[in-house]
Amino acid sequence: PQVILECLMESGDAAVSPWGHVTVLGRVRTPGHVNMPPTRELTVSRAIQLAGGLATSARSNAIRVTRTRGDGTEHFDVNLDRIGARGKSKDDIQLLPGDVVYVPEGVL
């Protein structure tokens, strides 16, 4: 048998993970905080899924991840089209608590 136990703390109307969260913004269905799971394994594609998925106007090949550390800010570009269509799962980076994922609007 497999048991999955999640520990969440209540903070107003939302449950907050003691392992932190990432913020998903832009052209997703439900922008906002996504809690880190107990395993602390959260990829860009999974965070977007947890934010309701991509909106129809999203540009899935130009997602930007911003990570701030004590020594500065890093940016990573993620192409979900390449990850899905070509099986480049190594490009689906692992997120850290505090990361910001931004999904831009597609070009019409």
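Things worth noting here:
- Under 11 Å, Cβ to Cβ, from A55 - net charge with Lys/Arg +1 and Asp/Glu -1: +2
- For the chain, the share of accessible area belonging to carbon and sulfur comes to 50 percent (1.4 Å probe, ligands and nucleic acids excluded).
- Charge tally in the Cβ shell below 10 Å around G106, where Lys, Arg are +1 and Asp, Glu are -1, G106 excluded: +1
- Nonlocal amide H pairs with V28, under 5 Å, H built at 1.01 Å: A55
- Heavy-atom accessible area ranking, 1.4 Å probe, most first, across R86, R69: R86, R69
- Take the chain with all the other protein chains still there, run a 1.4 Å probe, and you get 66 Å² of accessible area per residue.
- Restriction of the trypsin sites (Lys or Arg not before Pro) in the range 23-56 to DSSP coil positions whose beta-carbon has at most 14 other beta-carbons within 10 angstrom yields R29, R40.
- Loop-located GluC sites (Glu not before Pro) in the range 7-108 (DSSP state not H, G, I, E or B) with no more than 12 neighbouring Cβ atoms inside 10 Å: E41.
- Tensor-based shape of the range 17-81 (alpha-carbon gyration tensor, a/c under 1.5 rounded, otherwise prolate or oblate): oblate
The values are calculated or read from the model by the stated rules, or taken from the named source; none is laboratory data. This is a predicted model, so every value here is computed, not measured. Note that we place each Cβ from the backbone using ideal geometry, even for glycine, and neighbour counts take in every protein chain shown. Ligands, DNA and RNA are stripped out before the accessible areas are found, and what is left, the full protein with its side chains, is counted by its heavy atoms. Shrake-Rupley method; radii C 1.70, N 1.55, O 1.52, S 1.80 Å.
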